[in-house]
Amino acid sequence: MSTRERKQREIQEREAKILECARPMFIEGGYNGLNMDRLTSMLEYSKGTIYNHFSCKEEIIITLAIQTLEKRLAMFEKASLYQGTSRERITAIGTAAELFVKLYPDHFRVEQTIRLDSIWEKTSEERRKIMANCEHRCMGVVGGIVRDAIARDELVLGDHATPEEIVFGLWSLSFGGYSIIATSNSLDEIGISAPFEMLRRNFNRFLDGIDWQPLSSIVDYDAVFDRVSEEVFGNELQQISV
């Protein structure tokens with residue numbers, strides 16, 4: 001290994017350690033609980049070393065968000081390779097999205113925090129672009145399946161509908177639903193005892209509503225969800241069950 005490669009690896013290892021220490025600190029105490037002085041005392045690095053990696057704690061928070069977004073992207077890409085109808089493949093994406101939330105339940109808290117204008121404005125343009133790229137690529141995977149459905153005549157859009165509208169509809173339902181599940185403590189009080197199952201039903205209502213074939217009255221998409229979970233995401237299932 002060359003000197004340059006060794007230094008690059010050392011830089012990556014230091015950054016990973018900083019993030020590993022910062023994540024539980026943020027999850028437990030939120031934005032105010034993430035403290036650079038406390039990070040310095042918990043790590044073997046000087047404050048200057050930490051600032052060489054992250055100029056402020058907002059940069060740490062956006063990097064935490066990017067970390068999990070990259071994992072979601074990898075899960076989406078894996079799900080998109082599932083062999084089946086386009087409706088089964090979009091169900092595989094939904095499976096990936098649900099398992100992602102169960103694996104990383106604190107992600108939405110991180111992402112919602114970083115979206116606050118007062119915090120977002122303090123992050124670097126470089127990291128904002130990385131985060132946006134992860135999101136665009138995730139939506140690109142979904143968009144590819146929508147277009148595949150259209151090409152197969154499994155989905156016929158009206159004159160004024162576009163694939164982007166369908167992607168946005170799925171994204172809205174997904175982001176809104178999973179954000180509520182991840183951050184709300186009162187779902188039981190309003191009669192929602194199985195929110196993941198209810199959200200799955202709402203996904204199928206949406207897909208049936210735009211007549212994405214084959215409809216849920218013909219195919220048991222809960223069974224597809226279970227099959228994808230076991231065949232594609234067996235390792236993730238084991239992590240969730242631990």
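The values are calculated or read from the model by the stated rules, or taken from the named source; none is laboratory data. Worth saying up front: this structure is predicted, and the values here are computed from it rather than measured. Don't worry about glycine lacking a Cβ; one is built from the backbone with ideal geometry, like all the others, and counts go over all protein chains shown. Just so you know, the surface numbers come from the protein's heavy atoms only, side chains and all, with ligands and any DNA or RNA stripped out. Shrake-Rupley method; radii C 1.70, N 1.55, O 1.52, S 1.80 Å.
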Notebook entry, point to check: So what are the ³J(HN,Hα) numbers for the range 106-121, from phi and the Karplus equation (6.51, -1.76, 1.60; θ = phi - 60°), rounded to whole Hz, Gly and Pro as x?
Noted result: 8, 4, 5, 5, 5, 5, 5, 5, 5, 6, 4, 3, 5, 9, 3, 5
Next item on the list: State the answer as a single residue: which of 142, 36, 196 lies farthest towards the positive end of the charge dipole of the chain, with beta carbon charges of +1 for Lys and Arg and -1 for Asp and Glu, about the Cα centre.
Entry: 36
Margin query: What does the charge count around residue 198 come to, taking other residues whose C-beta lies under 13 Å from its C-beta (Lys +1, Arg +1, Asp -1, Glu -1)?
Written below: -1
Checklist line | Only Lys, Arg (+1) and Asp, Glu (-1) charged, at Cβ; the chain dipole about Cα centre in debye | finding: 900
Margin query: Let's test this: bin the Cα-Cα distances of the range 128-236 at 10 Å from zero up to the farthest pair and state each bin's percent.
Written below: 12, 35, 39, 14, 1
Check: Normalised by the residues of the range 1-70, what does the relative contact order come to in percent, with Cα pairs under 8 Å and at least six apart?
Finding: 28
Margin query: Cβ neighbours within 10 Å, averaged per peptide: list 118-130, 91-103 in order, most packed at the top.
Written below: 91-103, 118-130
Next item on the list: May I ask for the angle, rounded to the nearest 10°, between helix 221-231 and the longest principal axis of the chain, with both axes built from Cα atoms and the value confined to 0 to 90°?
Entry: 50
Check: In the range 157-242, carbon and sulfur make up what percent of the accessible area (probe 1.4 Å)?
Finding: 53
Item checked: J(HN,Hα) series, the range 65-81, from Karplus relation 6.51 cos²θ - 1.76 cosθ + 1.60, nearest Hz, glycine and proline x -> 5, 4, 3, 6, 4, 5, 5, 5, 4, 4, 5, 5, 5, 5, 5, 5, 7
Notebook entry, point to check: So how do 152, 4, 14 rank on accessible area, 1.4 Å probe, biggest first, that is with the largest at the start?
Noted result: 4, 152, 14
Checklist line | Debye intensity ratio I(q)/I(0), log10, the range 179-242, q values 0.17 Å⁻¹ (C-alpha model) | finding: -0.81
Notebook entry, point to check: Using alpha-carbon pairs under 8 Å, 6+ residues apart, how would you state the relative contact order of the range 1-133 in percent?
Noted result: 26
